[in-house]
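Taking it in order: structure first as C-alpha cells, then the write-up.
The values are calculated or read from the model by the stated rules, or taken from the named source; none is laboratory data. This is a predicted model, so every value here is computed, not measured. For neighbour counting, all protein chains shown are included, and Cβ atoms are generated from backbone atoms with ideal geometry for every residue, glycine included. Calculation scope for accessible area: heavy atoms of the full protein, side chains included, ligands and nucleic acids excluded. Shrake-Rupley method; radii C 1.70, N 1.55, O 1.52, S 1.80 Å.
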Amino acid sequence: MNRVTPALALCTVLVAALPAQAAGRPAPTVSYGTKAPYAPRQNPRAYEKAPAGFTPVFTENVSRHGSRSATDGEDADLVLGLWDEADAAGRLTGRGAEFGPKVRALRAAMAKIGYGNLSARGRQEIQDTAVRMADRLPSLFTSIAAKGEKIDVVSSGQGRAVDSANLYAGALADTDPALRPLVGATRTDKDLLYFHKAAGGAAYRDYIANDQRLAGTLRSIADQPKTHAAARGVLLRLFESAFVDRLAAADQVAAAQAVYNLYAIAPAMGGESPDGRGWGMERYIARPDAAWFGYLSDAEDFYEKGPGFSDSDITYRMAGVLLDDFFERVEAKKAGTSTLGAELRFTHAEEIIPLAALMGLPGSTEPAAPGVPYTYENNPWRGADVAPLGSNIQWDVFSKGDRYLVRMLYNEKETAFKASCTPIRKGSGFYDLNELEHCFGRS
C-alpha cells in the first residue's frame, strides 16, 4: 500500500512552499486564505508508533471538500466588464492586455466543470488523502475486511461534499477490493455537517446578519488607507492611471477584490489550465497587495467562523454537534455497540473552522479582545492553515484489552489535543479515551 502518487509528490513541494504563519512574524508574501489547495502537513514516515500491544480498531474523520472552482462567475464578470471598457478606450497596460483573455479562459474552465464543483486537483487531493489513510492504518483495514465491519460515509448533501465523499470512499475501497462491499452509500446529515445552515445554527445566522459589533469591526478593518492603496496598486498593473482615476474609491476596491479572488482560486483550477500547469495569475497582482487582500479575507473568516471575539462563542458553539459525534462513535466502539470500522464525514469550511476553534486546535486558540482588531501580527490564525481546501481532522483509535487510546491528525499531522488534556506521556500524541472525556467535560 505504500504508494506515492504524482499529486502526493506535488503536495510535498507545496508544504515546503507555504509561508511562515505565526503571530509576531511578518505578513505572508502569498496568501490564498481558505482557498489554499491542500497539502499533507507531515512526512508519513515520521508518525509516532502506537504503544506496545495496542492495535488500531477504528478511525474517523471530517474533511472539507477538495479544491473547487469559484462558486459563481461574478468576479470574472466584474473584471472583464472593466477590461472591455479599458480595451475599447486603449487604456490597458501590457500586462492588462494579457489579463483579459486569461480571465476569459479561466471563467470558461470554471463554467465547464460547474461553479462550485470539484476541479481535477480537488478530485486528486481527496483520492490521495484516502490512499494515505489506508497506508497509515493497513492492519485496521485488513481487520475491517476480515470482520466485515462497515464503513459509514456521510456528507452535508452539497454537491462538492457528496462528490468528495464518493471519491474518497472509492479510492479507499480501491486499496483492497474486500473493502468495497463494506462501504455504505453516502448519506446526508445536514444537522451534523451543514450545521451553520441547519436548525442548530439559527443564533449564528442572526449574529452574521444583525450583530453591529461584527459589522463595525469588519468595516473598520477593510476601510483602511492600506486597502485603498493596495486596490489602486492592483488596478494599475492592468489599467492606465487615467482609467483607474475615473473609478470611485469603493469601485476600485471591489474591482481589486475581484482580481484577488481570481488569483486565489487559480491554483485550485491548475489542472484545467491550457497546459495543465497553472494560470500564472501571480503575474497580475503584486505579492504585498495579494497578501493584504488575503489578510482581509482571513479577518472576515476569523470573525465570522473562527475564534472571533474573546467574550463570545457564537461562531463555534454550534460545532458541538460534530464534536459530540466524534466522541459518541469512539464510545460506542469501546462499549461494543458499534459495527463500524470507520466513519468518514465530508463538509465545508463553515464547519471545519468552528470545529477547530471549539477543539482548540493549533492556530485557533486565540480570539480577539474587543476593541483590538485581529491582525497577522497579533494572532496566529490563518485560513490557509486552519481550513485549506481538503482540510481534515482524523481520530485513530487503538485498543489493548479494555483500554482505548486516541491519536489525532490535523491535516495529516499528529496534533496534540487542547492543553488541558494530558497525553499518556509527555510529548506523545496518544491520549487515553477516559482522559479526553474528562478534559472535554463528557464525564
| Zone of ASN210's modelled label, taken as backbone nitrogen in segment 315-332 under 19 Å from a point 7 Å along Cα→Cβ | 315-318
| In whole angstrom, how long is each semi-axis of the equivalent ellipsoid of segment 186-291, when you take the square root of 5 times every eigenvalue of its Cα gyration tensor and sort them from largest down? | 33, 25, 10
| Based solely on its DSSP helices, what 222 nm [θ] is calculated for the chain when runs of n ≥ 4 H residues each add -39,500 (n - 2.57) and the sum is averaged over all residues, nearest 500 deg cm²/dmol? | -14500 deg cm²/dmol
| For the chain, which DSSP H helices look membrane-span-like by this rule: Cα extent along the axis of 20 Å or more and mean Kyte-Doolittle of at least -0.5? | 74-88, 94-113, 159-174, 249-265, 320-335
| query | PHE58's amide H: which non-local residues (gap 5+, or another chain) put their own amide H closer than 5 Å, with H modeled 1.01 Å from N in plane and none for Pro or chain starts? | reply | VAL397
| Per-residue SASA entry for ASP87, accessible area with 1.4 Å probe, Å² rounded to 10 | 80
| field | Solvent-free Debye scattering, log10 I(q)/I(0), computed from the Cα coordinates of segment 140-247 at q = 0.10, 0.20 Å⁻¹ | value | -0.63, -1.00
| said: Along its three principal axes, how long is segment 288-412 when you only count alpha carbons? Whole Å, largest extent first please. | reply: 54, 29, 22
| message | Positive end of the dipole of segment 81-235, charges at C-beta (+1 Lys, Arg; -1 Asp, Glu), about the Cα centre: which of ALA105, LEU82, THR142 has its Cα farthest in that direction? | response | LEU82
| request: Would you tally the net charge around HIS196, using a Cβ to Cβ cut-off of less than 9 Å, leaving HIS196 out, and scoring K and R as +1, D and E as -1? | output: +1
| Distant-in-sequence amide H partners of ARG237 (H built 1.01 Å from N, under 5 Å) | none
| field | At 0.890 mPa s and 25 °C, Stokes diffusion of segment 339-434 via Kirkwood alpha-carbon radius, µm² per second | value | 162
| When the dipole is taken about the Cα centre of the chain, and only Lys, Arg (+1) and Asp, Glu (-1) are charged at their Cβ, what size is it in debye, to the nearest 20? | 1020
| segment 268-290 to segment 94-171: how many Å between their Cα centroids? | 20
| Using 7 Å Cα-to-Cβ label points, what is the GLU331/ASP432 separation (nm, one decimal)? | 1.8
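Just subtract the alpha-carbon distance of SER143 and SER310 from 0.36 nm times their residue separation and send over the number in nm, one decimal.
Full extension of this stretch gives 55.6 nm more.
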| query | Using 0.36 nm per residue, how much length does the chain from ASP191 to GLU282 gain when fully extended, once their Cα-Cα distance is taken away? | reply | 28.9 nm
| field | Distance in nm between pseudo-label sites at ASP84 and ASP72 (7 Å out along the Cβ direction from Cα) | value | 1.8
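Ratio of Rg to Rh for segment 127-175, alpha carbon only, Kirkwood?
Value, to two decimals: 1.01.
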| task | Using the Cα centre as the reference, give the magnitude of the dipole from point charges on the C-beta atoms of segment 160-282 (Lys, Arg: +1; Asp, Glu: -1; all else neutral), rounded to the nearest 20 debye. | result | 280
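Packing-wise, with mean Cβ within 10 Å as the measure, how do 93-105, 414-426, 394-406 rank, highest first? Write down the numbers at each step before the final one.
Details: 93-105: 16.3, 414-426: 14.2, 394-406: 18.4.
Ranking, from highest mean packing down: 394-406, 93-105, 414-426.
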| said: Based on Cα coordinates alone, diagonalise the gyration tensor for the chain, multiply each eigenvalue by 5, take square roots, and list the semi-axes in whole Å, largest first. | reply: 40, 25, 18
| message | Across segment 341-384, what fraction of all alpha-carbon pairs, as a whole percent, falls in each successive 5 Å bin from zero upward? | response | 5, 18, 24, 21, 16, 6, 4, 3, 2, 0
| query | Toward the positive end of the charge dipole of segment 220-270, about the Cα centre and with charges on Cβ (Lys, Arg +1; Asp, Glu -1), which of LEU236, ALA222, GLY270 goes farthest? | reply | GLY270
| Farthest toward the dipole's positive end in segment 398-443, which of ASN434, MET408, ILE424, given Cβ charges of +1 (Lys, Arg) and -1 (Asp, Glu) about the Cα centre? | ILE424
| Dipole size in debye (nearest 20) for segment 66-175 around its Cα centre, Lys and Arg Cβ +1, Asp and Glu Cβ -1? | 300
| task | For LEU340, list long-range residues whose amide hydrogen, built 1.01 Å from N in the peptide plane, is under 5 Å from its own amide hydrogen. | result | LYS150
| Cα-Cα separations in segment 83-164 greater than 14 Å, expressed as whole percent | 77
| remark: Label model pair THR339, ALA419: point-to-point distance (7 angstrom along the Cα→beta-carbon line) in nm is 4.5
| Shape metrics for segment 26-137, restricted to C-alpha atoms - Rg then Dmax, Å | 21.2, 75
| note | The base-10 log of I(q)/I(0) that the Debye equation returns for segment 60-199 at q = 0.09, 0.10, 0.12, 0.20 Å⁻¹, one scatterer per C-alpha, is -0.43, -0.50, -0.63, -1.13
| query | Going by accessible area, probe 1.4 Å, with all protein chains left in place, what is the ranking of HIS438, HIS196, HIS228, largest first? | reply | HIS438, HIS228, HIS196
